[in-house]
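The values are calculated or read from the model by the stated rules, or taken from the named source; none is laboratory data. Since the structure is predicted, the reported quantities are computational estimates derived from the model, not experimental observations. Every residue, glycine as well, gets a Cβ built from its backbone with ideal geometry; the counts of neighbours run over all protein chains shown.
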Amino acid sequence: MLGSIVKLLNERGALSVQEIALALEIDSSALHPMLEMLERKGKVLKVELPCKTGCAGGCTKADSMTYYKLAH
């Protein structure tokens, strides 16, 4: 599965957690630990978009606001 994530990011560029989950047909809760492992290994970079609605920290953790891209 880790290889599938890397391949997907290589093909499509930066994707949100939600987009990766949909493309790989996996629940985002199962995807998070895999993405974190790839990040620790230096394979991917995590990019969190800033919240523009003034929410109290919750929206920056949303799957549609957190993106991953290949580390180069």
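Of the residues making up the range 19-45, those that are at pLDDT 95 or above and in contact with an Asp or Glu (Cβ under 6 Å, 6 or more places away or on another chain) number 0. The set of residues from the range 11-40 being surrounded by 14 or more Cβ atoms within 10 Å (Cβ to Cβ) and either small (G, A, S) or under 9 Å from the mean Cα position of the chain (by Cα) (or both) comprises L15, S16, V17, Q18, E19, I20, A21, A23, S28, L31, H32, L35. Looking only at the range 1-51, residues that are closer than 16 Å to K69 by Cβ, in a loop (DSSP other than H, G, I, E, B) and not small (G, A, S) come to 3 in all.
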